[in-house]
Amino acid sequence: MEKPAPLGCGLGLRPVYYDEILATRPPVDWFEVISENYMIPGGRPLAMLERFRADYPIVMHGVSMSLASTDPLDFDYLRHLKELAARIEPAWISDHVAWTGVHGINLHDLLPIPYTKESLDHVVDRISRVQDFLKRRLVVENASTYVSFEQSEMDEWTFVAEMAKRADCLLLLDVNNVFVSGFNHGFDAARFIDSVPVERVVQFHMAGHTDNETHRIDTHDQPVCEEVWTLYEQARRRFGNVSAMIERDDNFPPFSELLDELARMRAIDAKIVAERARGAA
Ligand SMILES: [Fe+2]
């Protein structure tokens, strides 16, 4: 399987950090942007994005494709996404295994699905049609979930692996989402990571979440927690050199704290590379 080249360690590009990034040109290998924030022709957001694109590789990450919805695919949305991609030339385009609305109503949330053969057929068909339209492989992310369905016929990781194979898409493994969903539903996050096909994964997401004791919510407003760092190391050992980045969307810290998290990511990567070099010697 041909995969895009790894980009290194990146961050989510957020307006609160624009000035600092432009002024300091920090050692971030690449940035991921939320596609919908730039899908307006002209204007400041797009002008800013083009400035960053001149200096850094960019990945486009969407939250509105609604791949699992039973509404028709929104080809207006896909057309705008394709136009943005033609302008920015991202390394890839990603979205989620989720639905965001139905009957024309957008609920602005990534909602869960039952893991059934019927929903698998449905999602595979929609990913295939999106890929045909965009004329590129889509990268699809596991979302965090807070409810599960009695109708489910398979584990989430079986669904994701089968979906990727049948749709011939690539995968974004959100390590924090695996941990959050594993805690909420009582499955083993390590088993999830060990079950995802290595040849499909091109990106990791890392993020912090809120621990409400009985359940955890994927809020992206905290530093990455220790358990998720442990899973990151497991994922890095299994998937090798995969582009990784940190998502921070609220309770924004000084930019230097995000750079510290990136340094920790790089240290884990370097440790594994050194171990492998010693093992090969
Ligand atoms: Fe994510």
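The values are calculated or read from the model by the stated rules, or taken from the named source; none is laboratory data. From a predicted model like this one, the values you see are computed outputs, not experimental measurements. Cβ: placed from backbone, ideal geometry, glycine included. Neighbour counts: every protein chain shown. In case anyone asks, the SASA skips ligands and DNA or RNA and just uses the protein heavy atoms, side chains included. Shrake-Rupley method; radii C 1.70, N 1.55, O 1.52, S 1.80 Å.
Observations, loosely collected:
- Test item: Cα-centred dipole of the chain, Lys/Arg +1 and Asp/Glu -1 on Cβ, debye: 1120 debye
- The order of LYS135, LYS165, LYS82 by accessible area, most exposed first and with a 1.4 Å probe, is LYS135, LYS165, LYS82.
- Counting only Cβ charges, +1 for Lys and Arg and -1 for Asp and Glu, the dipole size of the stretch 74-190 around its Cα centre is about 520 debye.
- Part-to-part distance (alpha-carbon centres) for the stretch 163-177 and the stretch 206-228, which is given in Å: 21 Å
- Across the alpha-carbon atoms of the stretch 9-249, the computed radius of gyration and Dmax are 17.3, 53 angstrom.
- Packing-based order for 47-53, 242-248, using average beta carbon neighbours within 10 Å, highest first: 242-248, 47-53
- Centre separation in Å (Cα based) which lies between the stretch 50-113 and the stretch 231-281: 26 Å
- Rel. contact order, % - alpha carbon contacts under 8 angstrom, at least six apart, the chain: 17 percent
- Scaled to the globular estimate 2.2 N^0.38 Å, the Cα spread of the stretch 1-95, given as radius of gyration, is 1.14.
- Straight-line reach from LYS117: taking Cα to Cα under 18 Å and skipping same-chain neighbours fewer than 8 places apart, the aspartates and glutamates in range are ASP125, GLU150, GLU153, ASP155, GLU156, GLU162, ASP168.
- Separation of the GLU227 and PHE149 label points, Cα + 7 Å toward Cβ, nm: 2.6 nm
- For the chain, calculated [θ]222 nm from helices alone, where every DSSP H run of n ≥ 4 adds -39500 (n - 2.57): -14000 deg cm²/dmol
- Sites HIS185 and ARG237 - FRET efficiency at Förster radius 22 Å, r taken between beta-carbons, to 0.05: 0.35
- Only protein atoms count toward the accessible area here, which uses a 1.4 Å probe; on the chain, the carbon and sulfur part of that area reaches 52 percent.
- ³J(HN,Hα), Karplus 6.51/-1.76/1.60, whole Hz, each residue of the stretch 260-271, x for Gly, Pro: 5, 5, 5, 5, 5, 4, 5, 5, 5, 4, 5, 4
- Cα-based values for the stretch 126-281, radius of gyration first and Dmax second, are 16.4, 51 Å.
- Anchor LYS135: lysines whose Cα lies under 19 Å away (excluding residues fewer than 8 positions away in-chain): LYS3, LYS82, LYS165
- Solvent-accessible area per residue in the chain equals 45 Å², computed with a 1.4 angstrom probe and all protein chains kept.
- When the charge dipole of the stretch 70-221 is built from unit charges on Cβ atoms (+1 for Lys and Arg, -1 for Asp and Glu) and taken about the Cα centre, the candidate among LEU84, CYS169, VAL124 whose Cα reaches farthest toward its positive end is LEU84.
- Remark: spin-label model distance ILE272-ALA5 equals 2.1 nm, labels positioned 7 Å along the Cα→Cβ axis.
- Cα shape, the stretch 75-114, gyration tensor, a/c 1.5 rule: oblate
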